[in-house]
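Everything on this sheet refers to the single structure shown next.
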Amino acid sequence: MISVTIDGPAGSGKSTISKIISKKLGFVHLDTGALYRAVACFIKKSNIDFENENDVKKCLKDINLKIKKVGNEQRILLNEKDLKNELRSLDITKIASKIAAYQSVRDYLLNFQRDFAKFQNVVMDGRDIGTVVLPQASVKIFITASPEVRAKRRLEQILKNGENFDYLEILDSIKKRDYEDTHRKIAPLKKADDAILIDNSDMNLSQSVESILSIIKEKVDNI
Ligand code: DC
């Protein structure tokens, strides 16, 4: 099967780009950040102390995740329940970032992610897909942009949703997340040696998509 991995920091646009690319190629998209967020949802709903790795580890056996396709959308079912938009809240973002550093959580999600790529062509985005989850992937991309550009994009998204937030606060939280994601001991955010680096600070969405598509077409025959 063909697999394309797209790793990068928060706000680099990797999920949006991956969604478009997978549609254009007729591949299935998996946003792996949403899996960590789904586990975070379970932890929050069950009132488990997310700072306590042992408690988190114990609850993993009660979690059953499934991916359901609705049109072109990927929905995550947590114990058969559609999580809808809960995944994106600030609370869940904070819990997901914390539990993503636990080995037990990463092990639990590793097989799920690998199984997903076994029998179908995929575009999978995350932090460690090219390095840990699918080290034999057909094409690996590492996408990034300056923290300032990523903060500006995030602010635009928030304003579009009718909310407001301070730019400097967003910039600060992006820098903190970058630090946590790149400095954790297990599976840190890191470019795989054989991944192609794309800095899209000066690109718009369609330019980012086109540049990645041309790399994929160059690397994979008959696509
Ligand atoms: O991409 P995102 O913001 O939805 O990811 C949520 C959290 O999950 C983020 O803090 C990093 C973590 N994550 C990870 O550690 N490994 C992945 N493959 C995907 C996400």
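Figure the gain on full extension for Lys24 and Ser138 (residue separation times 0.36 nm, minus the Cα-Cα span) and round it to one decimal in nm.
Taking 0.36 nm per residue and subtracting the Cα distance, the gain is 39.3 nm.
If the chain between Asn222 and Lys118 were fully stretched, how many nm would it gain, using 0.36 nm times the residue separation less the Cα-Cα distance?
The Asn222-Lys118 span can extend by a further 35.4 nm.
Kindly state, to the nearest 0.05, the FRET efficiency for Lys152 paired with Asp107, given R0 = 30 Å and r defined as their beta-carbon distance.
Between Lys152 and Asp107 the formula returns 0.25.
What value, in deg cm²/dmol to 500, does the helix sum -39500 (n - 2.57) over DSSP H runs of n ≥ 4 give at 222 nm once divided by the residues of the chain?
-14500 deg cm²/dmol
Just to be sure I understand the model, the point goes 7 Å from the Cα along the line to the Cβ. What's the resulting Glu180 to Asp202 distance in nm?
3.3 nm
Under 1.5 on a/c is rounded, so check that first for the stretch 19-132, then, if it is not, pick prolate when a/b is larger than b/c and oblate when it is not; a ≥ b ≥ c are the square roots of the alpha carbon gyration tensor eigenvalues.
Prolate, because a/c is 1.5 or more and a/b exceeds b/c.
Over all alpha-carbon pairs in the stretch 125-223, figure out the percentage whose distance exceeds 16 Å.
In whole percent, the long-distance tail amounts to 65.
Counting only protein heavy atoms and a 1.4 Å probe, tell me what percentage of the chain's accessible area is made up of carbon and sulfur.
Ligands and nucleic acids excluded, carbon and sulfur reach 50 percent.
Can you give me the accessible area per residue for the chain, using a 1.4 Å probe, in Å²?
Value returned for the chain: 53 Å² of accessible area per residue.
Kindly rank 99-106, 84-91 from highest to lowest mean number of other beta carbons found within 10 Å of each residue.
99-106, 84-91
Taking a ≥ b ≥ c as the square roots of the Cα gyration tensor eigenvalues, with a/c under 1.5 meaning rounded and otherwise prolate when a/b beats b/c, else oblate, which class fits the stretch 86-158?
Cα axes put the stretch 86-158 in the oblate bin.
Once Rh for the stretch 1-55 is found with the Kirkwood sum over Cα pairs, what is the Stokes-Einstein diffusion coefficient at 37 °C and 0.692 mPa s, in µm²/s?
D = 246 µm²/s.
Measuring from label point to label point, each 7 Å out along Cα→Cβ, what is the Asn64 to Lys84 span in nm?
The two pseudo-label positions are separated by 2.2 nm.
Could you work out how far the C-alpha centroid of the stretch 74-97 sits from that of the stretch 1-59, in angstrom?
9 Å
For the chain, which DSSP H helices look membrane-span-like by this rule: Cα extent along the axis of 15 Å or more and mean Kyte-Doolittle of at least 0.0?
32-45, 205-219
How are the C-alpha pair distances of the chain spread across 10 Å bins, as whole percents from the shortest bin up?
8, 33, 39, 19, 2
The values are calculated or read from the model by the stated rules, or taken from the named source; none is laboratory data. Note that the structure is a prediction, hence the values are computed from the model and not measured. Cβ sites come from the backbone with ideal geometry, for glycine too, and all protein chains shown count toward neighbours. We work out accessible area using only protein heavy atoms, side chains counted, and drop any ligands, DNA or RNA first. Shrake-Rupley method; radii C 1.70, N 1.55, O 1.52, S 1.80 Å.
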